[in-house]
Amino acid sequence: MSAIESVLQERRIFPPSAKASAGAAISGMDAYKALTSEAERDYEGFWARLARETLSWHKPFETVLDESNPPFYKWFEDGEINASYNCIDRHVEAGNGAKNAIIFEADDGTVVNVTYQDLLQRVCRFANALKKRGVKKGDRVVIYMPMSIEGVVAMQACARIGATHSVVFGGFSSKSLNERLVDVGAVALITADEQMRGGKALPLKSIADEAIAAGGCEAVKSVIVYKRTGGKTQWHEGRDLWMHELVEHEAAQGADSCEPEWVSAEHPLFILYTSGSTGKPKGVQHSTGGFLLWAAQTMKWTFDAKPDDVFWCTADIGWITGHSYIAYGPTAIGATQVVFEGVPTYPHAGRFWDMIAKHKVTIFYTAPTAIRSLIKAAEADAKIHPKSFDLSSLRILGTVGEPINPEAWMWYHENVGGGVCPIVDTWWQTETGGHMITPLPGATPLVPGSCTLPLPGIMAAVVDETGQDVPNGQGGILVIKRPWPSALRTVWGDPGRYKKSYFPEELGGALYLAGDGAVRDKETGYFTIMGRIDDVLNVSGHRLGTMEIESALVSNPIVAEAAVVGRPDDTTGEAVVAFVVLKRSRPEGEEGKRIANELRAWVAKEIGPIAKPKDIRFGDNLPKTRSGKIMRRLLRSLAKGEAITQDVSTLENPAILDQLGEVR
Ligand code: WTA
C-alpha cells in the first residue's frame, strides 16, 4: 500500500489532551471556529488586528490590503517597521534582555548561550560594520554560512539596516552560488572559512571564491568571513574581511548601538531561491511586515509557544523553515531556542534525543526524513533509542517539508512524544512564508498523516483543472483563494514568472496555485497532501526541479540526453532517478557503474550533493512518442520497478523499456 493510500485509510484519531488544551493560545475547536469566522466576516479587520497585536510598528499602518494590481498584493504598506527591532530590541526594552535567545550547540557538543542583550549588541556591531562597507537599504547581501549564531546575526543585521538578504544553503555548489549571486545582484557575501558537520570540516570560503571567480558578480565588493575552524583560505586583499575583526573594531569604538532603518512593511526582507518546474531556481521575494506577522503568529498558534518554552527547529537557515522558525519567528516572540550546528547522526544517531534531554526542549520541530532515518538506527541499538533518554520536557512535536507516513507518525508520537505530545504536521512552502494547513496542538483532533485544517484566515481549497471546487473525498489541486500577508510578493526580477507560475490563467488567474495535489476527508474536511503535481521532487524535504538536474546532466560533455523522475523512497520520501543517453554507446557492467558515479559527482558539483541521482540508467534512447515527446509516465513506472501496464502503442521505440528497467 502506498503512503498516501495508508493515510487515506487512516482511522485513528487523537483528540487533544486536557493538558494540551489548558491555557493554549487556541484552546479548542470553538476557539478555532471563532477565529475562522472572524476572518470570514471581516477579512481585513482580522489581519489588521493580528498585525497590531503581534508586531511593534514605528508608524502604524492605515491601509491593510491593497488589491488594486492583482496578483501583486500589498499589505500594511504605509506602516513602518523594522524586523530586527521586533525580534530583539523590544524584548530588551520590556526587561527580557537577560533571557536566552539562543542556546547554540556546536557539532562537537560545545554550548554557547546568547541572551537577547548579547544578540542586540552583536547585531548592532555587525550592522554598523556592514554600513561602513557601504551596504545600505535595498542592497542585496548573500549569506552562505553554516548553522551558527553568526548566521542568525548576519540575517538580523541585514534586516536592521534594510538590506535584503538572500541565504544560500551551505550544501550548494559554487555554480549554484554563482547563479544566485548574479541573479540577485549581491553587493556583499557573508560566508565562513569552513563548516563543521559530523566531525568533518567542509569548505565554504574556497567555494565562495570559485563562485565569484566564475564571473558576473562584479558588484560584490566585500566578502566577510566568519572564522569557524581557522582552516586555510586564500585571501583577496581589499575584498575579504574577517567578521570578528570588523566586529572588534566596532566594539573598540563603542559602536554598540545602531538605529534600526524603518522601512515600509512591503520592503523586501529577503529573497530565497527555490526550485520550480521550469528553468532556473526562482528568487522568492518576501516582505517585512506580512512575513514577520505570520512567523510570529504561527509560533503562538501552531506551536503554542509560551515564555518558558525551549523551542528547537532542526532546519538549516538556508531553507525557508530556518528563516521563519529560527531566524525570525522564535525571536519575534522573544522565545528561547536551540540552534544546532551538526547532523542528527553524529557522534551517534541519538544526538537529537540527547540534546532534547540536555537543553530541556519543550517544542521540537523536524523533518519526516530525519525521523524515518532515526527509527532505523534506534530500533537497531537500544542505547540510542529515544526511550533511553529523558524526554519528559517535551510538550509539542512538529513535522515539516514532506508528507509523514502514519507509521513514522506513530513511532514519533509514542517514542519521542511518550504518547502525550500533540504532533503538528505543518503544510506550507517557501512561497507561503509560514504555516498554512496544520493542526493546532490544543484544539485539533489529530489523524496520523493528515495536516488537518487551514489556519484561521487561510482560505485553502481543493479545485479541478478549471478552478472549480471539487467535493470532499475527491482529489484535486490545492489552492489558496485569498491573498494572505506572508505570501511571496513576486519572483525577484521576473514578475511575469510570478504571475504565470502562481496565478495561472487556466484556474482563472486569481487562485494561488501551490503545486501540490490534495484531497479533503468526506466527514472531517481534513486535508491530505498527495505530493507535487508539477516536475518538482521532494528528496529528504528538499525541493529539486527535475529540469535543473536534467540540465546539469546534459551539460556534461559525454551526455546526449537525460530525463529525471522521482521514485518513492522509504527514508528520503522520494529519490532521484536519471535516465541517460550518452553520446557514445551504452555502457555496461563495471564501466556503466564507473560512468554513473562520475555523473553523480558531476551533478554534486553542478548543483550540490542533495541533487545526486540515486539510480542512473543508461539507454540507447529514451521512450518517446512518434512526435518526439519523452513519456515520463513510463519512466516513473520503470523507476519504481513496476510492470508497464500503460498503453505503449504510441511509443516510437518500445524495445527501449527493457533496457531502461536495469538499475546501475
Ligand atoms: C511539501 C518547506 C506534505 C509540499 C516548508 C510543498 C509537505 C513543498 C508538507 C514545499 C507537509 C511541505 N505534508 N507535504 N506537512 N510540508 N510539503 O518550499 O510538496 O521547501 O509544496 O517548503 O514541500 O517545500 P519548501
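The values are calculated or read from the model by the stated rules, or taken from the named source; none is laboratory data. Nothing here was measured: the structure is a model prediction, and the numbers come from that model. Note: ideal-geometry Cβ built from the backbone for every residue, glycine included; neighbour counts use all protein chains shown. To get the accessible areas, we keep the full protein, side chains included, count just its heavy atoms, and leave off ligands, DNA and RNA. Shrake-Rupley method; radii C 1.70, N 1.55, O 1.52, S 1.80 Å.
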**OP:** Within segment 117-146, find all residues whose amide N lies under 11 Å from a label point positioned 7 Å from the Cα of E237 along Cα-to-beta-carbon.
**Re:** none
Subject >> Average Cα contact separation per residue, segment 540-661, under 8 Å, 6 or more apart, as relative contact order % >> reply: 24
Original post:
Do any cysteines in the chain lack another Cys Cβ under 4.7 Å, and if so which?
Top reply: C87, C158, C217, C313, C421, C451
Original post:
How high is the FRET efficiency between D30 and T524 when r is their beta carbon distance and R₀ equals 25 Å, given to the nearest 0.05?
Top reply: 0.95
Subject >> Nearest-0.05 FRET efficiency for K19 and R52, computed from C-beta distance (R0 35 Å) >> reply: 0.65
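Equivalent ellipsoid semi-axes for segment 540-661, as square roots of 5 times the alpha carbon gyration tensor eigenvalues: give them largest first, rounded to whole Å. Working shown, then result.
Values: eigenvalues 95, 62, 35 Å².
Over the Cα atoms of segment 540-661, the ellipsoid semi-axes are 22, 18, 13 Å.
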Original post:
Over all Cα pairs of segment 298-343, how is the pair count split among 10 Å bins, expressed in % and running from 0 up to the last occupied bin?
Top reply: 29, 59, 12
Original post:
Once both labels are modelled 7 Å past Cα along the beta-carbon direction, what's the R636-V554 spacing in nm?
Top reply: 2.1
**OP:** Could you tell me which of L130, G433, N86 has its Cα farthest along the dipole of the chain towards the positive end, charges placed at Cβ (Lys, Arg +1; Asp, Glu -1), taken about the Cα centre?
**Re:** L130
Subject >> Total formal charge among the other residues, if their Cβ is under 13 angstrom from that of P495, Lys/Arg +1 and Asp/Glu -1 >> reply: +4
Original post:
Computed on alpha carbon atoms, what radius of gyration and Dmax characterise segment 166-304, expressed in Å?
Top reply: 17.6, 50
Subject >> Local net charge near A460, Cβ-Cβ under 12 Å (Lys/Arg +1, Asp/Glu -1) >> reply: +1
Original post:
Any idea what the dipole of segment 519-664 comes to, in debye rounded to 20, about its Cα centre with Lys/Arg Cβ at +1 and Asp/Glu Cβ at -1?
Top reply: 200
**OP:** Using the structure shown, list the pairs from K200/K614; K132/K221; K131/K221; K300/K522; K605/K629 with a Cα-Cα distance above 19 Å, or answer none.
**Re:** K200/K614; K300/K522; K605/K629
Subject >> Extended-chain gain in nm, criterion 0.36 nm per residue less alpha-carbon gap, R90 and H244 >> reply: 52.8 nm
Original post:
Taking all protein chains as present, what is the carbon and sulfur share of the accessible area of the chain, in % to the nearest whole number, probe 1.4 Å?
Top reply: 52
**OP:** In nm, give the distance between the simple-model label positions of L202 and A604, each being 7 Å from the Cα along the Cα-to-Cβ direction.
**Re:** 1.0
Original post:
Could you work out Rg/(2.2 N^0.38 Å) for the chain, with Rg from alpha carbons only?
Top reply: 0.94
Original post:
How high is the relative contact order of the chain, given as a whole-number percent (alpha carbon pairs under 8 Å, six or more residues apart)?
Top reply: 14
Subject >> Computed Kirkwood radius, in angstrom, where 1/r is averaged over Cα pairs of segment 199-264 >> reply: 14.4
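Tally Lys and Arg at +1 and Asp and Glu at -1 over the other residues with C-beta under 15 Å from the C-beta of A296: what net charge comes out?
After counting each charged neighbour, the total is +1.
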**OP:** Starting from segment 1-104, pick out the GluC sites (Glu not before Pro) whose DSSP state is loop and whose Cβ has at most 14 other Cβ atoms within 10 Å.
**Re:** E62, E67
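Accessible area per residue of the chain at 1.4 Å probe, in Å²?
37
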Original post:
Hey, got the dipole for the chain? About the Cα centre, +1 on K and R Cβ, -1 on D and E Cβ, debye to the nearest 20?
Top reply: 680
Original post:
Which residues in segment 61-96 have a backbone N closer than 19 Å to a point placed 7 Å from the Cα of S257 along the Cα-to-Cβ line?
Top reply: 82-96
Original post:
Of the trypsin sites (Lys or Arg not before Pro) in segment 597-657, which ones lie in a loop per DSSP and count no more than 12 other C-beta atoms within 10 Å?
Top reply: R626, K629
Subject >> Residue-averaged 222 nm ellipticity for the chain, from DSSP H runs of 4+ at -39500 (n - 2.57), nearest 500 >> reply: -8500 deg cm²/dmol
Original post:
Hey, if we sort M196, M299 by accessible area with the 1.4 Å probe, largest down, what's the order?
Top reply: M196, M299
Original post:
How far apart, in nm, are the 7 Å Cα→Cβ label points at R586 and R11?
Top reply: 4.8
